[in-house]
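Readers should treat all values here as calculations from the given coordinates under stated rules, not as data from a laboratory. These numbers come from a predicted model, not from an experiment. A quick note on method: Cβ atoms are made from the backbone with ideal geometry, for glycine too, and the neighbour counts reach across all protein chains shown.
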Amino acid sequence: MKLSILGGGGFRTPFVYQALLRDTARPRIEEVFLHDTDDERLRTMTSILTELAAGFPDAPRLQATTSLERAVEGSDFVFAAVRVGGLEGRRCDEHVALDLGVLGQETTGPGGLAYALRTIPVMLDAARTIRRLAPQAFVLNFTNPAGIITEALQPVLGDRVVGICDTPSGFSRRAAELLGLDPARLLPDYVGLNHLGWTRRLMHDGRDVLPALLADDGLLGELEEGRVFGADWLRSLGSIPNEYLYYYYFNRDAVRSIRAAGITRGDALKVSQTEFFDRAAREGTGAVDLWRRTVAARSASYMAEARGQGSAGEAARQSGEVETDPNEQGYAGVAVAVMAAVSRNEQSTMILNVRNGTAVPGLPADAVVEVPAMVDANGAHPLATAPPDLHQLGLMQQVKAVERHVIAAAVTGSREEALKAFALHPLVDSLPVARQLLEGYIARIPEVAAVFER
């Protein structure tokens, strides 16, 4: 089988390849095509993956190309993780908003809308190429904002595209370990949109173990979500929010902390990843160790600036930890599990971004939601879930309306639709600010401006 990775020169590609190396069941991925627009990054990633494959006689064959057609033609699976506008675009996503006193983050709030505006046209072009040259391919979308991009692609690819995010499944795994339970036997009841959801139950052998977790101060203190949201708030909710809900429940605190830090995560990543690719290109061999050290620093800085834990750059510098456990690779493991379920009919349940159908009452049937889904040879099937409570559903409905306006803006080039998206977002509390956000992104990011120049 053939897998093409769009954005294959990206920093996270080794995670996917390592997951493929561990997957030895048949049929399996035998050929991997890396696609990127940057030749130098493709060479660096090919070198790293080749080094990782040493000692694996059946490692998938590697090809690298800047031709999208060559990459996807005849593919059985396509994994998409592209960053339109690069890290400079991400920095603008953050700073345009922060300069106006609004949350600057790449997927949540106005930064996520700017990211979606410039990414949707590129991903739609890719989807049309996939439909033409690999009509049977199953597409795994990790391109952010994952829920918005997945929904935008469904008119072209239908249910052959799903969105992947490792945050919900990562929480379930960590909770199982804290409770001394087998993660494989823990079934989370999760409902939401991408980066906006709640774990409402954790079922283990027919028993909900979430109440025991919520009642234990010691366990909550060891849990990242317990430290972020506070035990009292989690008990009030009776659920565990996705960590990105920090930006909603603590919006003013997050904005104040990010601005006070003086450096955003995008700022820090642009420095660290530029240094990584420059060094890797110069040194040639040994790039895997350099990549692992950079991964460790990147992980240490995750959301640190928003929680007032010092700047992202400071957190990265203080981290000397090197990632050594390849099983902790989140979304890559989910991606390989989806491919195994589809290609081998190995039925599996996992949390994915899929077309709603009737899974979440109160949202349109064709809306993409993030819920548990059963995956088999026929694709992903969302599982019925209990209705969200009013607070959850209200927030989901408002954000889903915003997502649909931004998709319409990206597809049609309508400034009116784009303004609606910014103005109606719950983290933007002013129509004049929404206008300033839209104009600021158009002025600062060429790929956003191009959406409205067609």
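For this structure, a couple of remarks:
- Cβ-Cβ distance of D58 and A377, R₀ of 22 Å, FRET efficiency by 1/(1 + (r/R0)^6): the value works out to about 0.40.
- Between R415 and E346, the simple label model (points 7 Å from Cα in the Cβ direction) yields a spacing of 5.3 nm.
- Relative packing of 267-276, 28-37, which averages over residues the other C-beta atoms within 10 Å, highest first: 28-37, 267-276
- Only lysines eight or more places from K420 in sequence, or on another chain, were considered; those with a Cα closer than 16 Å are K400.
- All Cα pairs of the chain, percent lying beyond 31 Å: 39 percent
- Protection proxy ranking of 137-145, 99-107, 374-382, 50-58 - average other beta-carbon atoms within 10 Å, highest first: 137-145, 99-107, 374-382, 50-58
- Estimated inter-spin distance, F452 and A401, nm [label 7 Å along Cα→Cβ]: 2.2 nm
- Length-normalised contact order for the chain - Cα pairs under 8 Å, 6+ apart - percent: 17 percent
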